[in-house]
Structure formats: C-alpha cells, structure tokens
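Everything on this sheet refers to the single structure shown next.
The values are calculated or read from the model by the stated rules, or taken from the named source; none is laboratory data. Treat the numbers as computed from the prediction; the structure is a model and nothing was measured. Cβ atoms come from the backbone with ideal geometry, glycine included; neighbour counts cover every protein chain shown. For the accessible areas, the whole protein counts, side chains as well, though only heavy atoms, and no ligand, DNA or RNA atoms are used. Shrake-Rupley method; radii C 1.70, N 1.55, O 1.52, S 1.80 Å.
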Amino acid sequence: MGCLLAVLSGAALAADPPAAGSSGRGAPWWSPGSGEVLPAAAAYPNDYGALGIVNTGGPVATQGHPFFEPLGKNGRACVTCHQPASAMSLSVAAVRAQWEATQGRDPLFAAIDGMNCPHLPAADPASHSLLLSRGLFRVFLPWPPRAADGSRIEPQFDLEVVRDPTGCNTHPEHGLHSANPQVSVYRRPRMAANLRYVTSARFGVGRFIGKNATPSAVDPLTNQPVNMNMMADAREPTLRTQAASAAATHLQRDDALTEAQLAAIQEFELQLYAAQDSHVGAGSLAEPGGPSGLGARAMARGEDGVLGNNDGSFVFPVEDVWRSLPRTGKPDVDAKNAFRESVTRGHDVFFFRTFWIKDATHINTVGMGNPLKRTCATCHGGHMTGMDSANGWMDLGTTNLPWAVEPPVSPWAQGKPELPLFKLTCKANAEPHAFLGRVVYTQDPGRALITGRCDDIGAIVIQQMRGLAARAPYMSNGSLATLREVVDFYDRRFNMKLTERERVDLTNFLSTL
Amino acid sequence: MPKTVIRAIALSLVATTALAEGTGKTLSFKACPIVRDTSTVPCWLAEHEGELYYLGIQTDLQGTFTPPYLGHQALVEGEVTGRRLCGGIVLEPVRASTLPELDSNCNAILPAEDRYQIDFNPRPPGPSVGRYQRPAGQRQRRAPLEVTARQEFQVQFEFDGRVKARNAGDLNRIFNYAQTAKASRISIVGRQGGALLSNGQRMDERPELAKIRAEEVAGLLRQAGLEVREWSVSWNPPAVPDGKEDWADRRVTVVVEQ
C-alpha cells in the first residue's frame, strides 16, 4: 500500500499522498470489447482505499455496448480513457501500468492524440512523454476558431508559439501554419460519471452566459440552452455531441455514430456515479450514520442543479458526525477517529476559510469585484461535485503565467518545460484581459481557443472534485501530481496563508471525495 | 470635562459640519479603488482630494452596487451623503466604472479595524445564510411575465464599456420577454456619454461607442436566436456631460413591441 499514515501535531493524521497518483499497477484495466458485465455496484482499489461505482440502471452487459466497443480505426473505445478504476477518468499510474503491460502497443497510445504529436516515432516512450508523465492527451483545435455552424470566428488576439517542446504547433503538417491550421494543447480526460450533475440545466442556465453575456450554446436537438460545463473548454454542448466528436477524433471513426449508439452512450453516462467509498485513514465513507455527502451512493441520491455555497445545501454535506469522536485506547480506532476529525476540519477549510480571491477572470469579473473575500466553495459551489454551478470556466491560474506551474529557468535547472507556451496579444479594438493586460503567456488558452475572446484566455471549466483519489494527476494540464500539491498551488496562487494543519486537513478531506 | 474629551467632541462637530456642507453634492472623480477588510465583508472606498469616500460593500450578484477592480483605476460618480461608513463618507447612489487598462498602483487592501464594522450585509464572506440560504429541493418560482403592447428595457454600461457579465441578466430578460410577447418589432438605440469630473476635466468615451453598443446588443440577441420581423438599430450622438448623472447616458434602450 503506497499510502502511509503520519502523525502530525497531536492527533491529526495525514494521508501521505502517493508520488504519482493511484489506481495504477494492480487495478483492473478494462479493454475495449472485453464483453465483461459492469455490475450495478463495484469497488475499485486505489492507494487511498477504494472508489465506488454505482450504476443506477443495474448491471450493464458491455458486449456490443458503444461505450465499451471499439468503434473507430485505432481500436479504442470510450472506456479506454474512461476507466472505472480511475473514476471513469484515467490516472497516470494506470497509463504507465498499461504501457508496461503492452510495451506501448495498447490503443491507448494511438498516435493521433496519445502521442505528443503524430509525426513522432511510435513505441518510443519519449514520443508519448506527456501521456506517460502527466496523463495528457493532445487536443487539436482549428485556428482560427469555428462557430457551431462552421463559420470562421475572428479572434480578438494574435496567437504566437513561443515554446514548442512537442514540435506539434510548429510542425508543417500538424501546426499553426500548416495547410489545415491547428493549435495543439494537452489535457487530462474528465470523469465520465456523475454527469447528471455536470449537465444539469436546473441552475444558472439562460440564453446568455453569466460569465460574459454572450449567447449560450444550445442543444441541437431541442434548441434549448445548455449549462456548458462539460470538457475543459465547454466546446461541446451535450453528451451526444461530445460522444460524436470523440468518436471522430479520439477513436478515429470515419462515419457518424448512429442515433441508437449515441442514445446508449448518453443513457449509460447519466446512470453512472463515482466517488471514493472507503479510505485507508477514515475507513468506510459510506457507512450508515456517516457523512451524508460521501460515497458513490450519495452521488446517486443527490439533487443536481443546486448551488451548494450556502448553509442550507452544502457543497459536500458532511455534517458534524465526525467532528468530535472518542478516543478508546485502541490505536487503530483512535487513528481512524483522528483522521475522520481531520476530514471534518478539512471540509471547514474548504467551506468556511476565507481568503482573497483576486485576479481570476470569470469570478472577479462577473460583478462582485476584484478582490472578493470568500472561500474555496465560492468557485467550487456546485452541490455534490464542487464544480461551478453553470458556465463554469474561470482563469484560476492553472495554465496562464505567472501562476501556472513552470520549471525554473536557469543554467542549473534540471527540468525542461514539457508543455507548449503561447503568447497571445489582444488587438487594439478588443478589451484586454482584465488582470493580465494585452499580452498573455499561457500553456493552454482554454476557452479562448473556442471563442477567440481575450477575457477567456486561460479560462478552464472547473472539474468535479469527486474520485480524486483514483485519478491523479490534477488540473487540466496534469501539472499537480498529488492532492497536497493542489492545496499548495492554491495557497500560493491566492496567498491563503494556510497553516500546516489546514493543509493536511484539506488534503485529507479531498482524498475522501 | 477632560481636555481630550472636549477636543474629541469639537473634532466630531467639525467633521459633522463638513459632512453636512457637502451633502447632496454630486462628485465625479477618477481614482484607485481601495478595499478595506472588516470582520465580515470588505468594503470599497476611494480617495478624492484628501477625503475618503465609501462606495459599497462586497455583496452578491443580486447586489445593486457593482464593485470595481483592484489593478485598475475607477471612475466614481456619486452623491455625497451625511454619513460615514468604513471610514469613508458615503456616496449614494454611486456608480463605479472599472477603466479597462491595467494600473498596478491600484492595489491597496487595508486591514480590518475594530472601529469599522459592517453589520447590515445580507451576504457573509463565506457561505450564504439567512434569507439567501435555501435548502436543496426548494426552488424559486419565477412569476409569469406580464406582456404589454410596448415594453422598454435599459441596458446600462460602465464608462467606455461594452456588454459585460452584469448585462447577461438584461439580455435574458429582453430575450425572454420578446419571445413570450411574440414580438414583431425591436428598436435598439445606443447612447454614449462622457464624464465631467469634479475638478473640471472632461473624460470622453471612445468614438462610435453608441453605435458599437447598439450593434453589439442587437447582434447578441440575434445570435441567441431571437426571431423578430422588424429590427431597428440606431444610435445617438454623444451626450454632453454636465457632471450630474452622466452615467445615465451610457446605455442602450431596447423597445419591444408586439
């Protein structure tokens, strides 16, 4: 077990985060077309305990199911990158294990996006370094952007490639100046579970986006606005359009999926729930009488489309059941009780600990001012998921400099930058980025690659915070290897001045979600 | 009576007199906004000619005051009252326009002091409580729209500003009303107006902003799928600022007719 327990200042226990995440070696790998049955409920071990998957539709016979069958030319299925053991995402540990098991020949490593760039030599780990080191897939998008009807969007900024360690953005066939100009950015796959919450249109959805008053995307089947909370850049409006797009790109399918296939994928995704169910420190997270918001069954029961940032419907309801627990003199029981108390304190840090939220577009620019004295739950306010309520993209500094994680530049530095760096210069007739000005350096322009807007540069849709223990590394660019690094990143970004105890408690809390 | 007490009373009388003298006066000035922390929510201040003015507190999106941004100068336009809050003379009503370009000098966050207390805020700095607290399962129901033959909407802008996040609500209201009313005609008139500052200087909005605003509002409604038989999009020449409610000219008027 890669998770050690350490005693810190009195009774507070900390889950020592695994170096490279969890659910890797030893975790079951679901191969496309295996034909196994996905049970109604299952537990998948990870270094923190076990993740629960609940399928409210009952067991799924995966033979012939479009989520599980290879549908394109490269042998992948949806399940290739949305593995149950990785909370329907994909941990980098699982990627590495699969590389070792197949010597890099699994369809997971397809050149189209499982390689840093398709022109690189196959089966060479260096060609797949971003997938192997950070769990990143190449996302290639047309430049300039295209609207839903295919028309060209005139961007508000000029885009230059400053650094191109993968060679893809300057490549004559795949790059920005190729015959078919593309921008390549590198992103983590998101969870294909709890999607009833992710796609809910019951809160904050209107014809115009609350972030910047531009028109909302609509469901092409109903013409009704959608919440635009899917994918890192919200470029697909519905589960069906996302599946269709993914089949064409990630699966390299030439023809369109049938209506029956799209319907089956959507139905499956909306009945699947995932969350950590047990924990090496806290024991069962889903036992009767425990916190009502933990565990996969709680996800299946919860109400979607609820703003959780209030004391009537918490983001993650944990109540006070673990706030103060007895000491029995039995080391294992006392250690568990101490850890559970730490989880409750970590919840309180997440929910109540104020700090200055400053210079973050699409939170400080929506009408509440810059800065804003609030808490983690202000941006992560979606009940049960910790996503933003709707239209949830923000620039929290994960990809934009100066906050994005970059290796030090010096003659003595060991690490080399792995990600591309772009320079975006807002045109004179456009309003500059509110907090970074007219020139922004970024590893991934995020939503701006879809809209061409300066205020969207580096804005990334907030991910759900469930199943974190099963799917390291974190952030859209995989820049943070452990949950502790996530906590430390935010402490640095927003000058939160967290104490060591607060950091430990918050890390422990995150590991139970 | 101790001398210190007499001095304090005298000073407070002077301050009260000074406040009373300025009451009702409209101020318009450009300044760095200042944030003062309190034991609850922070408040927003700005300094003008050696005096500190109170603009408002951090609230929620439902709040009527839209706070400015640190990192930018703001154009403050408001009416002097006889009250002090957070150490500043209250301007009410007040509008603060965030000016687009960055200004790194505008970065002051003052610490909380016991003497400055905000006890009327409906929205604490953490999670909502009280009247903003709403348990899961209880959803607010919207009152049905009342449709009339002609309905006028105002879309207000900050100085030199175009459509921003705060206008999403305006556009949603116009769109929903026009759809419900099965509107046959929409008239959109853009306006712009500068600011005559209290020091006599004049600030002008960028050229053709009235046109840009009108076309932007019309374009967004069309892009969102609003289908109306007749569209009229026009704009007025820039209004001449006089230092009194100059902000009111920075708007687009939308008239929806059945």
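If the cut-off is a Cα-Cα distance under 18 Å, which aspartates and glutamates reach B:K25, setting aside same-chain residues fewer than 8 apart in sequence?
B:E47, B:E49, B:E51, B:E77, B:E79, B:E92, B:D242, B:E245, B:D246
Please compute the net charge surrounding A:E406, taking Lys and Arg as +1 and Asp and Glu as -1 over other residues with Cβ under 12 Å from its Cβ.
Every neighbour counted, the sum reads +1.
What is the Cα coordinate range of the stretch A:372-513 on the first, second and third principal axes, sorted by size from largest, in whole angstrom?
Result for the stretch A:372-513: principal-axis Cα extents of 47, 44, 28 Å.
Show me, bin by bin at 10 Å from 0, the whole-percent P(r) of chain B based on Cα pairs.
7, 24, 28, 24, 13, 3, 1, 0
With +1 assigned to the C-beta of every Lys and Arg and -1 to the C-beta of every Asp and Glu, and no other charges, what is the dipole magnitude of chain A about the Cα centre in debye, to the nearest 20?
That gives a dipole near 580 debye.
Find out how many positive minus negative residues lie around A:P39, taking Lys and Arg as positive, Asp and Glu as negative, among other residues whose Cβ is under 15 Å from that of A:P39.
Here the count lands on -1.
Between rounded, prolate and oblate, where does the stretch B:30-98 land on the alpha carbon gyration tensor, with a ≥ b ≥ c its root eigenvalues, rounded for a/c under 1.5, else prolate if a/b exceeds b/c?
Here the stretch B:30-98 falls in the rounded category.
Provide the per residue accessible area, probe 1.4 Å, for the stretch B:193-258, rounded to a whole number of square angstrom.
For the stretch B:193-258, the solvent-accessible area averages 52 Å² per residue.
Scan around A:V439 for amide H atoms under 5 Å from its own, H built in the peptide plane at 1.01 Å from N, and keep only partners 5 or more places away or cross-chain.
Counting only residues 5 or more places away or on other chains, the set is A:C426.
Taking the solvent-accessible surface of protein heavy atoms with a 1.4 Å probe, what is the per residue accessible area of chain A in Å²?
Here the residues of chain A average 35 Å² of exposed surface.
Any idea what angle helix B:3-22 forms with the longest principal axis of chain B, computed on alpha-carbon atoms, 0 to 90 degrees, nearest 10?
Roughly 30 degrees, rounded to the nearest 10.
Percent of accessible area on the protein assembly as shown owned by carbon and sulfur, 1.4 Å probe?
The C+S portion of the solvent-accessible surface of the protein assembly as shown is 53 percent.
Quick one: what are the phi-derived ³J(HN,Hα) couplings along the stretch B:102-111, Karplus 6.51/-1.76/1.60 with θ = phi - 60°, whole Hz, x for glycine and proline?
5, 9, 5, 6, 8, 8, 8, 10, 8, x
At q = 0.09, 0.10, 0.11 Å⁻¹, what is the base-10 log of I(q)/I(0) for the protein assembly as shown according to the Debye formula with one equal point scatterer per Cα and no solvent? Please give it to two decimals.
Per q value, in the given order, log10 I(q)/I(0) is -0.89, -1.09, -1.29.
Once phi is turned into ³J(HN,Hα) by the Karplus curve 6.51 cos²θ - 1.76 cosθ + 1.60 with θ = phi - 60°, what whole-Hz value does each residue of the stretch B:23-29 show in order, with x for glycine and proline?
Karplus-based 3J(HN,Hα) across the stretch B:23-29 equals 4, x, 6, 8, 10, 9, 8 Hz.
So what does the Cα-only Debye profile of the stretch B:164-247 read at q = 0.11, 0.17, 0.26, 0.27 Å⁻¹, as log10 I(q)/I(0), no solvent term?
Debye curve over Cα of the stretch B:164-247, log10 I(q)/I(0) at q = 0.11, 0.17, 0.26, 0.27 Å⁻¹: -0.38, -0.76, -1.22, -1.27.
Under the Karplus relation 6.51 cos²θ - 1.76 cosθ + 1.60, θ = phi - 60°, what is the ordered set of whole-Hz ³J(HN,Hα) values for the stretch A:102-117, x standing for Gly and Pro?
The phi angles translate into 10, 6, x, 9, 5, x, 3, 9, 3, 5, 4, 8, x, 10, 4, 7 Hz.
Skipping prolines and chain starts, which residues have an amide H placed within reach, meaning under 5 Å, of the one on A:N310, given they are 5 or more residues away or on another chain?
A:V315, B:S128
Angle check, please: helix B:209-223 long axis (alpha carbons) against the longest principal axis of chain B (alpha carbons), in degrees 0 to 90, nearest 10.
60 degrees
If contacts are Cα pairs under 8 angstrom and at least 6 residues apart, what is the relative contact order of the stretch A:380-493 in percent?
For the stretch A:380-493, the relative contact order is 28 percent.
Taking both sides together, what accessible area is buried at the A/B interface, probe 1.4 Å, expressed in Å² and rounded to the nearest 100?
3700 Å²
Which residues' amide hydrogens lie under 5 Å from the amide hydrogen of A:L480, considering only partners 5 or more residues apart or on another chain, with H built in the peptide plane?
A:Y474
With the Cα gyration tensor of the stretch A:139-263 in hand, give its eigenvalues times 5 under a square root as the equivalent ellipsoid semi-axes, listed largest first in whole angstrom.
27, 19, 14
For the stretch A:348-405, rounded, prolate or oblate, judged on the Cα gyration tensor with a ≥ b ≥ c (square roots of eigenvalues), a/c < 1.5 rounded, else prolate if a/b > b/c?
Note, shape of the stretch A:348-405 comes out rounded.
Ranked by accessible surface with a 1.4 Å probe, highest first, in what order do A:K416, A:K336 come?
Sorted by accessible area, descending: A:K416, A:K336.
Within 10 Å of each Cβ in peptide B:35-42, how many partner chain Cβ atoms are there on average? Round it to a whole number, please.
Averaged over the peptide's residues, the number is 3.
Need the C-alpha centroid separation for the stretch B:155-182 versus the stretch B:33-60, integer Å.
The stretch B:155-182 and the stretch B:33-60 have Cα centres spaced 28 Å from each other.
Across peptide B:207-216, how many C-beta atoms of other chains are within 10 Å of each residue C-beta, on average?
0
Could you tell me the convex hull volume per residue, in Å³, taken over the Cα atoms of the stretch A:118-201?
Hull volume normalised by residue count: 152 Å³.
Could you sort the residues of the stretch A:297-311 by number and keep only those whose accessible area is reduced by 30 Å² or more in the all-protein-chain setting relative to the chain alone, 1.4 Å probe?
Flagged in the stretch A:297-311: A:E303, A:N309, A:N310, A:D311.
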